[in-house]
Structures are given as structure tokens and as C-alpha cells.
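Inspection log for the structure reproduced underneath, given as C-alpha cells.
The values are calculated or read from the model by the stated rules, or taken from the named source; none is laboratory data. Keep in mind that this is a model prediction, so the values were computed, not measured. Every residue, glycine as well, gets a Cβ built from its backbone with ideal geometry; the counts of neighbours run over all protein chains shown.
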Amino acid sequence: MRYADPMNSPGSPPPGRPRILLVGAGHAHLHVIRHRHRLASAELVVVDPGGFWYSGLATGMLGGRVAPAEDRLDPRRLCRRHDATLLRARLDGVDLTTREACLDDGRRLGFSLLSLNLGSQVDHPPARRPGPRVWTVKPIPQLANLRRQLERAFDRGETPRVAVVGGGPSGVEVACNLAALAQRRSGEIEVTLVTRGASVLGEAPPRAQRWLARHLGRLGVRVKTETRAVGHAPGGLMVSDETVPMGEDSLDLVIAEHVVHASGLQPPAVAEALGLPCIEARGLAIHATLQSTGDADIFAVGDCAALPGRALPRQGVYGVRQGPVLLDNLAARLYGRGLRDFVPQRQALAILDLGQGLGLALRGRHWWAGRGALRWKRWLDARFLRRYRG
């Protein structure tokens, strides 16, 4: 790898040699870097501000089972093995006329082909002071910081109060692993899970929902259904009871020193500032070939991209499966061959880490809970990370 000096990084592509620019070291781009030999005639440049944090282990890290170092890998080592140039920076914009990516440090990088793997961020009410500490599940390092804060509180003999916003997979995993962290550190914690739905994991089979409700009860997690997070206030999280008739006071305060927002994932703000077609709140509009609907030489994958005909869950499995298609289509565009379509699977396996050595596996109407489910998840996670670690 050529680990670029910030003051001496590439500007225009080398004469006579095309440049493929990958922005973001996400699931799909890791696959492209690993198979860089398929793009041998091009220069490959990767732009990323830091290490890759693996979402599959994020809540296990929060729960204390996984060390932060186990949840991340440094793309420098992967780039070194596969002759790619890595630049530490963030994307600030794209000049579609000059075919340049504009970075946040002022550099401009020319490209022949561009692929965007920008991830997602959490939409949430702004923090206020005085008020609770506000955390989000993305970027993942926030969960590592939250864990450290709570461990210090346990060491001081305190009982932290935490509100978790979101009754989907992320919110459930966060709530369960907060309880697991307290147990691991012989501490006490009060966790309240707030969801707008009538139940947690509303799309799961009814029996799985009932099993999960009992599990949350055993952990001591308080669940407030049909409740919307309104904003932060001194002392905690302001919520609105969706069952209260209009005109009556529906506001309540969930007392908390910490609020974790685990719902409302959306593309980063830069995605809508690139001058490329977007689908509101879903991301950059792409064809089935993963090409932008506005530019055939620009691709987008993962959470920042949206297929017009189908909204995909924001699960890493889709980014993983887009990787081989992206690689094939970058090569096809490079060498003048036909492109192929990404066909999302109708149902994707999701395995939730519920702390205390338990997992919940879901695929369509099928489900399975217990220690075996979590062991399966651990095997899948370890296999993925082994593939990209040097």
C-alpha cells in the first residue's frame, strides 16, 4: 500500500491510467479492495476518515463481551496487501464537471470511476444543556464511549438511568446489552426502552415478540410502547403517549442521565449535497447495477444508497452482498463489458445479540432463540472479520 502523505496525495489520475476512487471503507468496499487484482489496470484510491467498525459486534461491545479493538479493523493493512492508496479524509462534495471529489481538508481528487459507501447516521432531537448525555448507535465509536462512561459509574457505585429510543433490532440489542454490561460489572442500571410501535420488533412473528417481551422483563428493562420521543429536557427524555386523545396532555418525562437513539437511520447529510439524484430520507438513487441514476460512472452502495423500487432494511448483509456486484460492475465499466444487476434477497437472516449469551435469529416468519443462535452469530461475525484482517 501507498499510505499517502496528506500534503502529497494524488490529484489528477496518472496520464493514461484510470483511477477508481472508493469513498468509505464499508462492507462492499472492503470486498473490492480484497479483490483489487480484478481492477489491475486502474489506480485504486480509498478515502476514509478512520478504521472500519463492524456493526455486527457493536452491541456485544457495548455489553462488555467484546473489546473495542475486536470490533474494528484498520483498512490500511488490507490496502497494503492489495496495492491501494489510502487517504485519511472525509468527502465534502463532488464536482461533476471536472470529475473531482472534494475532501474536507481542501484536497481535490480526480476520478474515472467513483463509488460511495458513506454509511448512515441517526436522526434525533438535538441535545440540550442542562439535559441528559445523548448518544446514537451510529457512528459505532459512540457506543464504546458510552460503555466507558457507564463502567465508571458502576465503579463509583452509581445506578445510571438510560432511555433507549427505538423498538427495532438496534434498540432491543442496546437495551439488552446495557443490562448485560451492568451484570458483568456487578452494577445496577435502570433501562427504559421507548418505541412508537404497539410492541418491540413489530415485524417479528408474534411468538417471538412474546418471548422477547418476557426476556426484557427478566432483564428488568421497562418498555414504553406507542410512545414517541419528542426532545430532551433537564432530567431526561420528553415523550408523547400516542394513545392519548388529541387535545389532552400526552407529554411525559422519562428520567435518564443518558439517552441512546437507536432508530431513524438515514444517509449522511453530504449525500444530498453531491448534486446526484436522491430519494428523500433513503439516500442516493441507484439503478439495479448500483450506478447512480444521474451518472453512469458513479456507484453507491450500503446505507447511503436507495433502489427506487424497493426500500431495503439497513442491515450489513445487503452491503456484503452488494460487494461482488460492485466489483463486477466496476470491472465491466473499466473494460467495456456488460454490467449485472444486484438482486436483493427477499428475506435476510438477522441474529440479535440479547446479552447474557443469548441470541434471537429471525428470517421471515421463522425464529429461533437461545445460546445456539448467538453462537451461530459469533461464527458468522468471526468469519467476516477474518476475511479482511491481515
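Considering segment 203-233, and only residues there that are out of contact with any strand residue (DSSP E or B) (no Cβ under 9 Å at 6 or more places or on another chain) and surrounded by fewer than 16 Cβ atoms within 10 Å (Cβ to Cβ), the residue that is farthest from R133 (Cα to Cα) turns out to be P206.
Could you please give the count of residues in segment 342-367 that are farther than 19 Å from Q315 by Cα and free of Cβ contacts under 8 Å to residues at least 60 places away in the same chain? Within segment 342-367, residues that are farther than 19 Å from Q315 by Cα and free of Cβ contacts under 8 Å to residues at least 60 places away in the same chain number 1. For the criterion of being outside the structural domain of T136 (by TED's automatic domain parsing), among the charged types (D, E, K, R) and closer than 30 Å to A369 by Cα, R222 fails.
Among the residues of segment 283-296, is any out of contact with any Pro (no Cβ under 8 Å at 6 or more places or on another chain), free of Cβ contacts under 8 Å to residues at least 40 places away in the same chain, among the hydroxyl-bearing types (S, T, Y) and over 17 Å from L22 (Cβ atoms)? Looking through segment 283-296, none of the residues is out of contact with any Pro (no Cβ under 8 Å at 6 or more places or on another chain), free of Cβ contacts under 8 Å to residues at least 40 places away in the same chain, among the hydroxyl-bearing types (S, T, Y) and over 17 Å from L22 (Cβ atoms). Scanning segment 56-85 for residues that are buried (at least 21 other Cβ atoms within 10 Å of the Cβ) and of a type in the set (S, T, Y) yields one hit, T59.
Considering only segment 50-81, state which residues are farther than 23 Å from V162 by Cα and among the hydroxyl-bearing types (S, T, Y). Of everything in segment 50-81, just one residue is farther than 23 Å from V162 by Cα and among the hydroxyl-bearing types (S, T, Y), namely Y54.
G157 passes every criterion in (1) touching a residue at least 40 places away in the same chain (Cβ under 8 Å); (2) surrounded by fewer than 20 Cβ atoms within 10 Å (Cβ to Cβ) apart from (1).
In segment 237-293, the qualifying residues are those that are β-branched (V, I, T) and assigned to a loop (DSSP other than H, G, I, E, B), and the one that is surrounded by the fewest Cβ atoms within 10 Å (Cβ to Cβ) is T243.
When the test is whether a residue is surrounded by fewer than 19 Cβ atoms within 10 Å (Cβ to Cβ), within 24 Å of F154 (Cα to Cα) and not hydrophobic (A, V, I, L, M, F, W, C), R133 passes it. Over 23 Å from the mean Cα position of the chain (by Cα) and in contact (Cβ under 8 Å) with a residue 60 or more places away in the chain: is that true of V221 in this structure? Spelling it out, it is not the case that V221 is over 23 Å from the mean Cα position of the chain (by Cα) and in contact (Cβ under 8 Å) with a residue 60 or more places away in the chain.
The set of residues from segment 339-362 being under 22 Å from G309 (Cα atoms) and either in contact with a Leu (Cβ under 8 Å, 6 or more places away or on another chain) or modelled with pLDDT of 95 or more (or both) comprises L339, R340, D341, F342, P344, L349.
Among the residues of segment 121-148, just one is in contact with a strand residue (DSSP E or B) (Cβ under 7 Å, 6 or more places away or on another chain) and farther than 30 Å from A271 by Cα, namely G131. Collect the residues in segment 173-202 that are buried (at least 21 other Cβ atoms within 10 Å of the Cβ) and within 25 Å of A233 (Cβ to Cβ), keeping them in residue-number order. If the condition is that a residue be buried (at least 21 other Cβ atoms within 10 Å of the Cβ) and within 25 Å of A233 (Cβ to Cβ), then V174, A175, L178, A179, A182, I189, V191, T192, L193, V194, T195, V200 are the ones that fit.
Quick check on segment 316-331: of everything there that is free of Cβ contacts under 8 Å to residues at least 60 places away in the same chain and within 26 Å of L62 (Cα to Cα), which residue is surrounded by the fewest Cβ atoms within 10 Å (Cβ to Cβ)? That would be V317. Got at least one residue in segment 297-314 being outside any helix (DSSP H, G or I), at pLDDT below 95 and touching a helix residue (DSSP H, G or I) at 6+ places or on another chain (Cβ under 8 Å)? Yes, there is a match, as at least one residue in segment 297-314 is outside any helix (DSSP H, G or I), at pLDDT below 95 and touching a helix residue (DSSP H, G or I) at 6+ places or on another chain (Cβ under 8 Å).
Results for (1) under 30 Å from L114 (Cβ atoms); (2) within 16 Å of the chain's Cα centre (by Cα); (3) of a type in the set (S, T, N, Q); (4) outside any helix (DSSP H, G or I), shown as yes or no for each residue.
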| residue | (1), (2), (3), (4) |
| --- | --- |
| V317 | yes, yes, no, no |
| Q322 | yes, yes, yes, no |
| L339 | yes, no, no, yes |
| V343 | yes, no, no, yes |
| G357 | no, no, no, yes |
| A369 | no, no, no, yes |
| L380 | no, no, no, no |
| R386 | yes, no, no, no |
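Within segment 337-351, the set of residues being surrounded by fewer than 19 Cβ atoms within 10 Å (Cβ to Cβ) and β-branched (V, I, T) comprises V343 only. Quick check, is L334 part of a strand (DSSP E or B) and either touching a Pro at 6+ places or on another chain (Cβ under 8 Å) or surrounded by fewer than 18 Cβ atoms within 10 Å (Cβ to Cβ) (or both)? For L334, the condition - part of a strand (DSSP E or B) and either touching a Pro at 6+ places or on another chain (Cβ under 8 Å) or surrounded by fewer than 18 Cβ atoms within 10 Å (Cβ to Cβ) (or both) - is not met.
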